[in-house]
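Structure below; questions to follow.
The values are calculated or read from the model by the stated rules, or taken from the named source; none is laboratory data. Every value quoted in this text rests on a predicted model; they were computed, and no experiment measured them. FYI the Cβ positions are ideal-geometry reconstructions off the backbone, even for glycines, and counts take in every protein chain you see. Quick note on the areas: whole protein, heavy atoms, side chains included, nothing else; ligands and nucleic acids left out. Shrake-Rupley method; radii C 1.70, N 1.55, O 1.52, S 1.80 Å.
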Amino acid sequence: MADFFRDYVNFTITKSGQKDACVERRFPTDITVACLKGKLELITGGSASTMKIELYTKDDEFIGTCDNDEALLGYYVTNDGKMRLHVVDAFLQRKEFEDLSKVEKFELSLEEYSKRPGTVKSFLERNKLGKYSPEEMKQREEKKRKEEDANEIAAKAIKVGERCEVRVPGQPVRRATVMFIGKVHFQQGLWTGIKYDEPLGKNDGT
């Protein structure tokens, strides 16, 4: 019942390095800035202990920084509707350096790698494990052959032009028509191409 008497403000929330990516939340004005940081921690992935909150109007004019953890949020907000909270956090900025796509990679040729001692390759070769074990490779080939045989038997039971249903976990059952049965250039084994009744996928049997 007490919530009926609380004042709320709608906020757009942005964070360091991602000003264009935002979410919207509604906060009561009688919570402290420290409490607000705790809520923003869950939303932005930042850390409340290193977070700085900048406040902007709905027209994106800078108002100030919510720098007093003990102050109430209402002390900083205005009554002109939606506002923007921008989270500046050194913790978030450090995460930007975790993008390994920007790091120059160390490359080693297969020939150089084979000459190095103490590698996984040398361990497997020495102990005749994995692909260096004739017995294990024979078992893998036998398993693969059985799977291919089972797939071929299943494929032969299907005819082009037959009606079918496609069942994918978490999605509704789709009805379709079998358009193709055979081998494809992008993967091994026999594949079945279907055309959905609804305009889904490429809808041409591929």
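Beyond 20 Å, what share of the Cα-Cα pairs of segment 142-205 is found? Please give it as a whole percent. Walk me through the intermediate numbers first.
Numbers: 712 of 2016 pairs.
The share of Cα pairs beyond 20 Å in segment 142-205 comes to 35 percent.
Search the structure for amide H atoms under 5 Å from the amide H of PHE27, placed 1.01 Å from N in the peptide plane, and list their residues when 5 or more places away or on another chain.
VAL9, PHE11
Top to bottom by accessible area (1.4 Å), largest first, where do HIS185, HIS86 land? Show your work: numbers first, answer last.
Details: HIS185 175, HIS86 25 Å².
Result, largest first: HIS185, HIS86.
Pull out the extension gain between MET179 and THR57, defined as 0.36 nm times the separation in residues minus the alpha carbon to alpha carbon distance; nm, one decimal.
Values: separation 122, 0.36 × 122 = 43.92 nm, distance 5.76 nm.
Stretched fully, the MET179-THR57 segment lengthens by 38.2 nm.
Among the listed pairs LYS143/LYS183; LYS37/LYS58; LYS115/LYS143; LYS105/LYS128; LYS131/LYS159, which are separated by more than 28 Å between their Cα atoms? Spell out each step's value before the answer.
Numbers: LYS143/LYS183 20 Å; LYS37/LYS58 20 Å; LYS115/LYS143 33 Å; LYS105/LYS128 30 Å; LYS131/LYS159 38 Å.
Long pairs (Cα-Cα over 28 Å): LYS115/LYS143; LYS105/LYS128; LYS131/LYS159.
Kindly sort CYS164, CYS22 by accessible area of their heavy atoms, largest first, with the probe set to 1.4 Å.
Working: CYS164 35, CYS22 75 Å².
Final ranking, largest accessible area leading: CYS22, CYS164.
How large is log10 I(q)/I(0) at q = 0.16, 0.17 Å⁻¹ when the Debye formula is applied to the Cα atoms of segment 8-95, each weighted equally and without solvent?
Listed by q, the Debye log ratios stand at -0.54, -0.62.
By how many nm would the segment from ASN10 to VAL168 lengthen if fully extended, with 0.36 nm per residue of separation less the alpha-carbon distance? Working shown, then result.
Values: separation 158, 0.36 × 158 = 56.88 nm, distance 3.92 nm.
This chain segment gains 53.0 nm when fully extended.
Here is a further query. Please get the size of the charge dipole for segment 8-95, origin at its Cα centre, with Cβ charges of +1 on Lys and Arg and -1 on Asp and Glu, quoted in debye to the nearest 20.
Details: 12 positive and 13 negative charges, 76 e Å.
Computed about the Cα centre, the dipole is about 360 debye.
When the dipole is taken about the Cα centre of segment 142-205, and only Lys, Arg (+1) and Asp, Glu (-1) are charged at their Cβ, what size is it in debye, to the nearest 20? Intermediate values should be presented prior to the final figure.
On the way: 13 positive and 10 negative charges, 9 e Å.
I would put it at about 40 debye.
If ligands, DNA and RNA are left out, what is the accessible area of ILE63 with a 1.4 Å probe, given in Å² to the nearest 10?
70
Report the FRET efficiency, 1/(1 + (r/R0)^6), for TYR196 and PHE106, where r is their Cβ-Cβ distance and R0 is 45 Å, rounded to 0.05.
Result of the calculation: an efficiency of 0.45.
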